[in-house]
Amino acid sequence: MAMLWKFMRVAKYSKTALSPKVKVRGIPTHSRHSSSKSVPSDFAASAPCSNTVELLGKSYPQDDYSNVTEKILSKVGKNLHNRKHHPLWLIKEQVKEHFYKHYLGRRGTPLFSVYDGLSPVVTVQQNFDSLLIPQNHASRRKEDNYYLNREHMLRAHTSAHQWDLIHSGLDAFLAVGDVYRRDTIDNTHYPVFHQMEGVRLFSCHELFSSIKDGEGLQLFEQGHRTAHKQECHTMEAVRLVEFNLKQVLTKLMTHIFGDGLQVRWVDCYFPFTHPSFEMEINFQGEWMEVLGCGVMEQQLVNSAGAQDKIGWAFGLGLERLAMILYDIPDIRLFWSEDERFLKQFIGPHIWQKIKFQPLSRYPPLINDISFWLPSETYSQNDFYDLVRSIGGDLIEKVVLLDEFAHPKTKKVSHCYRIVYRHPERTLTQDE
């Protein structure tokens, strides 16, 4: 799925821990070209104290918006996408090599710059405001993001770097990095994952130079916004940008998944592109969403100082592609240090055909837990963060089994099922 951008589109998005006063009861249920340096993983973060969070050598004062957990802080600086032979590194390198090889500048050098070491700590302005995301948009909610404080946060998408990179003068780049979102717990969701952002801007000459009799064509006009274009774009410019975008992405996915790949485009909405699309591929007989993309909102491009250009942008999730390509069944495996997992991805070249061989499948251990909700501000992601903080990657899945509202007190209780599974041994109920 287009994880980078879907977060901005879906209406339903999900304090870091339950109140220490909340009473719970557990019930065992045995029978039922890279120019940026990567952030180092050593000493990347320290546990938050009462007033500040120390992260990547900087101190961030805490306030009523601070909700990042120690478990999440421990992931900052791991940089799985830069770890050689890791499956996420393989996907990143495949995409990078494809763009380096097929898109060259005037002097024969790669057209696209690659930035894979940008700090995951961004401002709220970078993560939301610069992308034209409305103040009341659901994607800003505290329940769905990791805030250091009201001004700073762990980026929710690599799109947070779009404005800065364009403002620096770049018109073709890929930005890769770890992103952070509070989310449900299952085999396809994890609070930290990795994304790649692609942006390409065109001047009038670059866009129309290959068009016969295209000298009189223009990028901009004073018109009306329709389902197919922005009010300031000419239809000719939008059609060419859209065609180029879809052609670039189709070539990329065909290069990764093989010739004969079936592709389809679904119209959708993102705050920072119009028109906008989701790309789906038919892989092994099943249609799968792989990325989001679109023609960049001209207001964003103009504010970054590229008023004379028009462009496209796309965002894709590295885990999504790796799980499809290598048949990896559980997103937690990307964080595994088990050599039986990691050695499977060491090969003579990045295009080596690899099919993940499952590790020994140890049995799950299941517990149910129920509790009264502590306040009206509670969200399910509060509980998921608490579970992850305590159980870590032993937690395979958490499911809401039941919800009960007391007829007199109106208090609400939830009952969750927690599925534990260790990748290397059998867990015991005592543990």
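Would you mind checking the pairs Lys229/Lys309; Lys75/Lys355; Lys96/Lys251; Lys92/Lys353 and listing those with alpha carbons more than 18 angstrom apart?
Where the Cα-Cα span goes over 18 Å, the pairs concerned are Lys75/Lys355.
Where does each of 279-285, 299-305 land if you order them by average Cβ count within 10 Å, highest first? Can you show the working numbers first?
Working: 279-285: 15.3, 299-305: 17.1.
Output ranking for 279-285, 299-305: 299-305, 279-285.
Can you list the HN-Hα couplings for the range 139-154, worked out from phi with the Karplus curve (6.51, -1.76, 1.60; θ = phi - 60°), rounded to whole Hz and with x for Gly and Pro?
5, 7, 4, 4, 5, 10, 10, 9, 9, 7, 6, 5, 9, 10, 7, 7
Within the range 269-377, list the trypsin sites (Lys or Arg not before Pro) lying in a DSSP loop whose Cβ has at most 15 other Cβ atoms in a 10 Å radius.
Lys353, Lys355, Arg361
With θ set to phi - 60° and the Karplus curve 6.51 cos²θ - 1.76 cosθ + 1.60, what are the ³J(HN,Hα) couplings of the range 391-400 in order, to the nearest whole Hz, using x for Gly and Pro?
x, x, 7, 6, 7, 8, 7, 10, 10, 6
Could you give the length gained on full extension between Ile350 and Asp402, defined as 0.36 nm per residue of separation minus the Cα-Cα distance, in nm?
Working: separation 52, 0.36 × 52 = 18.72 nm, distance 4.61 nm.
Length difference between fully extended and current span is 14.1 nm.
What are the ³J(HN,Hα) values, in whole Hz, obtained from phi via the Karplus relation 6.51 cos²θ - 1.76 cosθ + 1.60 with θ = phi - 60°, for each residue of the range 225-242 in sequence order, with x given for Gly and Pro?
Per-residue couplings from phi come out as 6, 10, 5, 10, 7, 7, 5, 9, 9, 7, 5, 4, 5, 4, 4, 5, 5, 4 Hz.
Order the peptides 212-219, 401-408, 323-330 from the highest to the lowest mean number of other Cβ atoms within 10 Å of their residues. Can you show the working numbers first?
Numbers: 212-219: 11.2, 401-408: 9.5, 323-330: 17.5.
Top to bottom by mean Cβ count within 10 Å: 323-330, 212-219, 401-408.
Run the dipole for the range 172-254 about the Cα centre, Lys and Arg Cβ at +1, Asp and Glu Cβ at -1, nothing else charged, and hand back the magnitude in debye, nearest 20.
160 debye
What is the log10 of I(q)/I(0) for the range 291-358, computed with the Debye formula using one identical point scatterer on each Cα and no solvent, at q = 0.18, 0.20 Å⁻¹?
-0.73, -0.81
Which residues' amide hydrogens lie under 5 Å from the amide hydrogen of Glu396, considering only partners 5 or more residues apart or on another chain, with H built in the peptide plane?
Val419, Tyr420, Arg421
Quick one: compute the contact order of the range 247-341, relative version, from alpha carbon pairs under 8 angstrom and 6+ residues apart, as a percent.
It rounds to 17 percent for the range 247-341.
Pulled fully out, how much extra length does the chain show between Leu56 and Lys84, if you take 0.36 nm times their separation in residues and subtract their Cα-Cα distance?
Result: 7.9 nm gained on full extension.
If amide hydrogens are placed 1.01 Å from N in the peptide plane, which non-local residues have theirs closer than 5 Å to the one on Asp330?
It is none; the list stays empty.
Among Gly294, Val122, Leu373, flag the residue with its Cα farthest along the positive direction of the charge dipole of the chain, charges on Cβ as +1 for Lys/Arg and -1 for Asp/Glu.
Leu373
For the range 223-293, with only Lys/Arg (+1) and Asp/Glu (-1) charged at the beta-carbon, what is the dipole magnitude about the Cα centre, in debye rounded to 20?
220 debye
Every number here is computed from the coordinates shown, using simple stated rules; none is lab data. Computed from a predicted structure; not experimentally measured. Methodologically, a virtual Cβ is constructed for each residue, glycine included, from the backbone with ideal geometry; neighbour enumeration extends over all protein chains shown.
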